[in-house]
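To keep things clear, I will list the structure first and then write my remarks on it.
The values are calculated or read from the model by the stated rules, or taken from the named source; none is laboratory data. Since the model is a prediction, treat every value here as computed from it, not as a measurement. These area figures cover heavy atoms from the full protein model, side chains too; ligands, DNA and RNA do not enter into them. Shrake-Rupley method; radii C 1.70, N 1.55, O 1.52, S 1.80 Å.
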Amino acid sequence: MANNLQLQAILNVIDRATAPLRQIAGGSQRMTEQLKTARQALRQLQQQQGDINSFKQLTRGLADTQQELGQARQKLQQMQAAIAATSNATQKMIRDLQRHELPVNRLTQAETDQTDQLQRARQQLQQAGIDVNNLGQHEQRLAADMARANQAIREQQERLRRLNEINRQYQQTMQQSRELAGKGTSMMMAGAATGAALSVPVKAYADNEDAATQLRVAMMKANGQVAPEFEQINALATKLGNSLPG
């Protein structure tokens, strides 16, 4: 009976020290989800910027093709006019005419393909709420949004780094508690520690005077003296509180 009371008092000290960990269980998961959401938002912004860049490249490519096509058509028209001006076109003139027709046909097809691609890109931007006639202003907003998203990701990564450090310190403290408990109590204390949320941020926890008093009474001998293990266990609970942030 006395052993059970002593074990319960020990667990009360541990329970009081780890209460905030259980109260905010799931904090690590929420932080991970927030980081995931921020990264998804950044990818969407980057996708929009990529779509804008593709639209601008297609616009420049179509303009270049149209310029080349205009020049090729001009040369072809000159060749056609030269042939029409003579009553006896030579084979060389005919071969030159055919040779000038090839780039015109190729560039005409390229213009058609690029026009279709540009139209699809324009529709995709419009569906995303991007005005193709005001890309400069939208790119400025995108740059600001991406900067904020990157900042949010850096801050959340720092929080996770601190969380990992807290987890490491907490597990070290729990290992010390198992070593101090010994003599049949380590299994119970390890079970209590396992039930706690080991990887979440912690705040300042409540005063543990009541639990410490219960422990003192449970470990008190018939002569009124307290077993020497009391100070070790009580000090461990105090150290646990002091070693955690807040």
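Return the carbon/sulfur percentage of the accessible area of region 46-132, one whole number, probe 1.4 Å, all protein chains in place.
Percent of accessible area from carbon and sulfur atoms in region 46-132: 45.
For region 80-136, what does the accessible surface come to per residue with a 1.4 Å probe? Please give it in Å².
That works out to 70 Å² for each residue.
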